[in-house]
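Data first, discussion second: the structure below is written as structure tokens.
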Amino acid sequence: MKVSCLQENLNKGLSIVGRAASPRSTLPILSHVLLETDRGRLRLSATNLEIGVNCWIGARVEEEGAIAIPARTLIDLVSAFPPDQVDMEAVVRTMTLNLHCGRSEANIKGMDAVEFPPVPVPEGEGGITLNPDLLRTAIAQVAFAAATDEARPILTGVLVRFEGSKMTMAAADGYRLSVRTAVLPDPVYEPFSVIVPARALQELGRISGDEKEAITATVTPDHNRILFELTDIVLASQLIPGNFPDYEQIIPKDLGIHVVVNTSDLSKACRTAQIFAREGSNIIQLHVHPGTELEPGRLVVSATSAETGDDVSALDASIEGEPVDIAFNVRYLIDVLSIIETPQVVLDVASASRPGVFRPLGNNEFIYVVMPMHLGR
């Protein structure tokens with residue numbers, strides 16, 4: 001293999017695929033990036049067997065070929081190169097990649113490309129068309145709520161359901177639930193659901209940051225993988241087998257207390273309270289005080305720590321219903337407030353022992369349910 005490309009393009013391509021490489025795998029090849037010529041371009045591939053990413057960059061190909069190179073070494077080296085042309089030549093006899101850029105020259109020991117697991121690409125037409133901006137927003141509003149504990153693998157994934165002209169994403173970790181719906185550019189004929197690892201969707205959100213064209217999602221015929229096709233990138237992810245819990249049963253229906261408060265103000269109050277809450281299981285309390293004819297309603301955010309002290313923040317709020325004091329894990333509130341884009345947020349509750357429901361004011365496409373915490377008396 002003998003190719004030349006711009007340092008800027010190679011550096012960007014490596015940043016796209018690099019995080020799919022697995023530095024701690026028992027299989028050494030999974031810590032490598034595959035460099036392979038492909039119809040006049042250079043294809044970069046990396047995989048940890050759960051997630052795989054292909055990225056194509058423009059290159060001048062003098063000799064076809066392929067070689068697998070340690071990802072960390074190659075990424076660090078290319079990022080240190082000057083913004084110039086990078087000339088690369090694979091020496092098959094020694095399984096070494098020689099790189100020239102400006103006045104710099106390096107040789108990296110690699111592995112035979114035949115050992116590299118294939119990263120699939122879409123075959124033929126078809127697939128579901130997704131708006132990139134809408135998809136990124138949906139991922140940001142849902143994937144964070146998935147479990148990180150592998151004890152229940154199904155909860156480490158995000159349920160993605162396609163039905164008619166609607167896509168629904170849902171994630172839950174046993175303490176909270178996040179659900180986002182979105183309108184599809186083109187309807188699907190047969191409704192179906194898949195469970196995609198949250199890590200894969202978060203990676204898709206990251207690498208699609210500059211994408212302007214529609215993203216195409218395709219489920220492989222064996223229903224083991226989903227492929228997301230971008231302009232010069234394909235992300236492939238294993239699907240999680242099993243049945244996702246019926247999340248609609250978790251969403252409370254009879255909510256008599258309705259609070260509308262400024263999103264930014266509540267976020268700041270929660271971050272301040274977290275300074276004290278982190279010493280005591282991250283517990284904060286929300287004290288709901290309905291207004292009167294003479295004064296507006298108030299939402300009071302408080303946290304107490306026996307070691308460090310306490311904090312109280314009072315916020316003006318529009319409140320319907322009875323007074324209530326309810327405790328939450330402050331991290332779960334900060335997470336959701338950071339991704340709500342409307343100036344005001346709605347909190348609906350029934351009682352101190354029932355889940356709270358957060359949603360953007362005037363937007364019914366996103367809902368977030370969080371379980372209350374019980375205070376020891």
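Where a number appears in this text, it was derived from the coordinates with a stated rule and is not lab data. Computed from a prediction, not measured in an experiment: that's the story for all the values here. We place every Cβ from the backbone using ideal geometry, glycine too, and count neighbours over all the protein chains shown.
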**Fill in**
From DSSP H assignment alone, runs of 4+ in the chain each adding -39500 (n - 2.57), the sum over residues rounded to the nearest 500 puts [θ] at 222 nm at -5000 deg cm²/dmol
**Message:** Looking at segment 2-115, I'd like the Rg to Rh ratio, where Rg is from alpha-carbon atoms and Rh is Kirkwood's inverse mean 1/r.
**Reply:** 0.93
**Asked** Whole-Hz Karplus ³J(HN,Hα) for segment 355-363, in order, using 6.51 cos²θ - 1.76 cosθ + 1.60 and θ = phi - 60°, x for Gly and Pro?
**Response** x, x, 10, 10, 7, x, 5, x, 9
**Request:** Could you grab the relative contact order for the chain? Cα pairs under 8 Å, six or more apart, rounded to a whole percent.
**Result:** 12
**Prompt:** In terms of Cα to Cα distance under 18 Å, which aspartates and glutamates are near enough to K212, apart from those fewer than 8 places away along the same chain?
**Reply:** D133, D186, E203, E229, D232
**Request:** Measure nothing but the geometry: give the 0 to 90° angle between the long axis through the Cα atoms of 132-142 and the longest principal axis through the Cα atoms of the chain, rounded to 10°.
**Result:** 50
**Prompt:** Say the dipole of segment 132-275 comes from +1 at the beta carbon of Lys and Arg and -1 at that of Asp and Glu; which of V260, Y247, A214 then lies farthest toward its positive end?
**Reply:** V260
**Asked** How large is ³J(HN,Hα), in whole Hz, for each residue of segment 239-254 in order, when computed from phi with the Karplus curve 6.51 cos²θ - 1.76 cosθ + 1.60 and θ = phi - 60°, using x for Gly and Pro?
**Response** 9, 8, x, x, 10, 6, x, 6, 5, 5, 5, 7, 6, x, 9, 8
**For V33, distant residues with modelled amide H under 5 Å away** = I69, A71
**Request:** Give, rounded to the nearest 20 debye, the magnitude of the charge dipole that the chain has about its Cα centre when Lys and Arg contribute +1 at Cβ and Asp and Glu contribute -1 at Cβ.
**Result:** 620
**Asked** Once phi is turned into ³J(HN,Hα) by the Karplus curve 6.51 cos²θ - 1.76 cosθ + 1.60 with θ = phi - 60°, what whole-Hz value does each residue of segment 102-117 show in order, with x for glycine and proline?
**Response** x, 9, 9, 9, 8, 10, 10, 6, x, 10, 5, 4, 5, 7, 7, x
**Item:** Qualifying trypsin sites (Lys or Arg not before Pro) for segment 199-299 [loop in DSSP, other Cβ within 10 Å: at most 15]
**Value:** K212, K253, R278
**Fill in**
Expressed in angstrom and ordered largest first, the alpha-carbon extents of segment 196-341 along the principal axes are 63, 37, 33
